[in-house]
1. Among the residues of segment 1135-1156, is any in contact with a helix residue (DSSP H, G or I) (Cβ under 6 Å, 6 or more places away or on another chain), closer than 17 Å to residue 1068 by Cβ and at pLDDT below 85?
2. Kindly indicate which of 589, 608 is surrounded by 15 or more Cβ atoms within 10 Å (Cβ to Cβ), at pLDDT below 85 and closer than 30 Å to residue 539 by Cβ.
3. Would you call residue 489 farther than 30 Å from residue 542 by Cα and buried (at least 17 other Cβ atoms within 10 Å of the Cβ)?
4. Tell me, which strands (runs of 3 or more DSSP E) lie completely within segment 70-130 with 1 or more residues that are assigned by TED's automatic domain parsing to the domain that holds residue 171 and under 20 Å from the mean Cα position of the chain (by Cα)?
5. Checking residue 271 against (1) crowded, with 19+ Cβ neighbours inside 10 Å; (2) at pLDDT below 85; (3) closer than 19 Å to residue 484 by Cβ, which test does it fail?
6. Would a scan of segment 125-139 turn up a residue that is farther than 21 Å from residue 7 by Cα, modelled with pLDDT of 85 or more and buried (at least 17 other Cβ atoms within 10 Å of the Cβ)?
7. Can you find even one residue in segment 806-815 that is farther than 23 Å from residue 880 by Cβ and crowded, with 18+ Cβ neighbours inside 10 Å?
């Protein structure tokens, strides 16, 4: 390998010019300085081949230029290292290759979030560069000490997380993708558990954490001096420094990741790729037995090693001449020094002995003689409100009497902060432990350096609360100290001479090596499995070995040997522990694990258990670990036992590195998870046969029905009282909201919450919004976590009931990724007096939106969602949701514009004979119609989007929008919003209109957004021509019918049924009135239908229609009925043929889709008033949807039957054009409808703008 060159690109960014102070970092520059030193000193990377970019130099252009430069330098089989330390994040996927719609990114110095430009570098860009590099060499190492997942909901005491908030701007607001369309097709496979790049054996990727975790900064405190690093880089660098000949990536990763998790329990580093390769492709690694003297100044010297090298204050080092090659008892030294300050890659020391004045000089070599472990105690900071000073003083007394804990001095960085959290109703991010939210009674809360809870909460008034808290802190300290214990002697003769393997027992009783998971690098076991150990002595002398178990609960126990039974392990021999009957070790997870759960954490069904091997040259007994530890240690006892005593008692001492004190440690960690409902062997078998299904097989859908639930409470005289009676005027209330199984102590909505639609994972984060326009001034929002079973976490909202409004009607909206799932109304009367008497508060479901999918994990996310409804005062209102913000407004004032649009479109439909439809887009009539629609569409746009006090949180150019009508009469023609400037009265279509319609985007070269009375009309300015809009009308009868009738269906594209073959079989029916003006129109349309489908049918009686549904199972149903009101039933009805009628209430599956196993059809309703907005839930759209239609297309306004044939002809022709051709061509319905509208308008038929769809926009369509 030495004949090949070695290259490195190291990027470290502490400062970000466009990010707020909370996102500025501290340890990234230290990280790359340390890594440069390690690569150069330990692995022989030429200094000139190490490119460093930091802060201002690490711009997007600077980083990409460095990638390019590195790529041009690399030759066959060169070693390449890329190490990035800074923020990670996410931005919307512009290439369409990410299932979740988000690209992972690294954040350069000059990138930002709105209003600053996004200059992030995506994983796709890195991957394309990587493909180029791995074409030359497979010896590539990528290290990402950052994360693209995180939260600001943690205590400010914690160290900083290397995460910047995702850029939620729409794709149109982001810079164009630098990657050519389609270039990633076929190249990019699924990413590993780090979430960064596809799994591959062409490179090794090490990441600071899992894709749903945070990478934290780690502070090393040496005599009150703080050195900051990234936790992963610090411990990885430390292990690289100590790596021996032949060491693999797996070797150093396992040791480093164990230590990272010891200090940051919620951070689990990941390693993917060729982890069993030798480090950087090198077999011969230059051991660092010496530390060089960099310079001397007076009685002080600078040594070339720092925090990650294990340097500690008060350690003593012997100085030897530069010519010395090996240290022996007879080696002559020049003096000794004591470390006084430790930095990232250097240390300062004072000379305490010198054989001859001035003889110590730069270039000489230092070897550690006595290592100081410092005071092995946990530093505790305590904060409490004045009224709880007594509790704080009680804990301080306990800590002062502890040998493992110490109170942090003023201004000193602590390891843990213990808070007294007083009762609170509301909380902001600056409050202590904000993730706790609402607190009913005073509690002790202890947070670690990640700002999250490290142990369970304890009530301040609990018996012996201070004692319990102190005991937990001591337990935490013991575990952490034992876990990180290792021999600081780099020259230890035992180093690399002992092998320690984990084994698992197969179902046939044989034992095999336990292999790590390919995606994460961890060895995964399930509770109930047996584990065993193999230890091999490759040293030339006998050794003694002990195995310690560091369990999930923080306990430390000795597994091997049993007390007093130490045996020598001879050179070249091995032993197996745990394979014989009687000594089998069965893994288990305590029933109530985890004992602590931070509210911002994902509920864990697994944990990290670590087995630590200690190998010594002399007999040792660690059985005291199972007891409380010993205080008076024999001074002659060997080093590792003395160190363990220090770890367990907190005693401080210097440990002398005698050459005879040979010992070493090895850690092996496993990911222990609860037993799943499907056996591991079955999962492995299925994964081999059906890899596309293997990701979801171990998790189950929830078995118990759950509902939106609420509890209303009143704060009175410092206590909280649950309220079930009416609201009292002028009183402050709170409401707790959750989703849970039936519980009589909670108000419960009457319709099941559709949690079966959520992705199958341990938990889902749901958005919850609460509003009551008459009583609550602003929409309040929160998030809840919904696990697979049981109730969700709770969120709380607060409000004051006004005196002059007699009714309270609070709206609760639950959404997933801006997709509204269900809304409920919290209703109650407002009364005088102290109580509400017998009048009760109730919770009712307002709307259930059944998004057409059994799993939303792969769905495209909405940028914006609207809920249209009527309040208790019967006024139409609009609620807008985007990410974690929402607002509500009265839309009664825009009803005139809505009516104007409807009237104009209806008039246009009635006079279609005057509008040229023979391919002429620019007829005067069409341009006049578009001008009118643009004028009123801009009024709607301003009223709905821009006219509010703070609209900055709304996405400027949303591309995917959901519209839910909780009341059918609350009509909103969202499709006609016009976001371009108001056109002048004589405005004409933009000269680029045809091109814009073809491309689906406006070139915007002739219009300015701030221009008034522009001479041009831009067709792409209409949302119906530029936005995917998914409409739903809630059907209140659905909830009553589910479970009560076998005939109720609502189509959902579940797995294996998510593709609609639209033109496979078509069925058509029309009223005779279609032919009343132009005879032969029905047959003309039938001829068109025959040209696009091989299997068609036309009927004129509803009985024949039902017969065709039963026999042919059509996939496209087209109706051009005459709609009338049935005089007897007083309900809307559809008439086909001469006079055959079907009332809306009689629509059943037999008229739509006979069996759930059949493909759900698309229903096209054209003619008259098929949307029937005035008839509430008796209309045709909800009836067809309820009875099995996947999608229903209809018109926003009245279009007479005799005028719809041209629309229908163009519609089916364009469907064929979009869907036929490539047999693998599959497109989403939302995108198809957009293109169909644009194409039909290009052909001179503007009435197509009336066409709207109800149902899920993510249905995938094919032709036949």
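1. No: zero hits.
2. On the way: 589 fails: closer than 30 Å to residue 539 by Cβ.
608 is the lone residue from the list that is surrounded by 15 or more Cβ atoms within 10 Å (Cβ to Cβ), at pLDDT below 85 and closer than 30 Å to residue 539 by Cβ.
3. Working: farther than 30 Å from residue 542 by Cα: no; buried (at least 17 other Cβ atoms within 10 Å of the Cβ): yes.
For residue 489, the condition - farther than 30 Å from residue 542 by Cα and buried (at least 17 other Cβ atoms within 10 Å of the Cβ) - is not met.
4. Values: elements: 79-85, 88-92, 102-106.
Per the criteria, 88-92, 102-106.
5. (3)
6. Pass one, segment 125-139, residues farther than 21 Å from residue 7 by Cα: none.
Scanning segment 125-139 turns up no residue that is farther than 21 Å from residue 7 by Cα, modelled with pLDDT of 85 or more and buried (at least 17 other Cβ atoms within 10 Å of the Cβ).
7. Let us first name the residues in segment 806-815 that are farther than 23 Å from residue 880 by Cβ, namely 806-807.
Filter once more, so that each one left must be crowded, with 18+ Cβ neighbours inside 10 Å: none.
The answer is no; no qualifying residue exists.
Residue-wise test of (1) at pLDDT 85 or above; (2) assigned to a loop (DSSP other than H, G, I, E, B); (3) within 21 Å of residue 1211 (Cβ to Cβ); (4) over 36 Å from the mean Cα position of the chain (by Cα).
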site: 1039; (1), (2), (3), (4): no, no, no, no
site: 1046; (1), (2), (3), (4): no, yes, no, yes
site: 1052; (1), (2), (3), (4): no, yes, no, no
site: 1067; (1), (2), (3), (4): yes, no, yes, yes
site: 1079; (1), (2), (3), (4): yes, yes, no, yes
site: 1084; (1), (2), (3), (4): yes, no, yes, yes
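The values are calculated or read from the model by the stated rules, or taken from the named source; none is laboratory data. Values in this document were obtained by computation on a predicted structure and should not be read as measured data. Cβ atoms come from the backbone with ideal geometry, glycine included; neighbour counts cover every protein chain shown.
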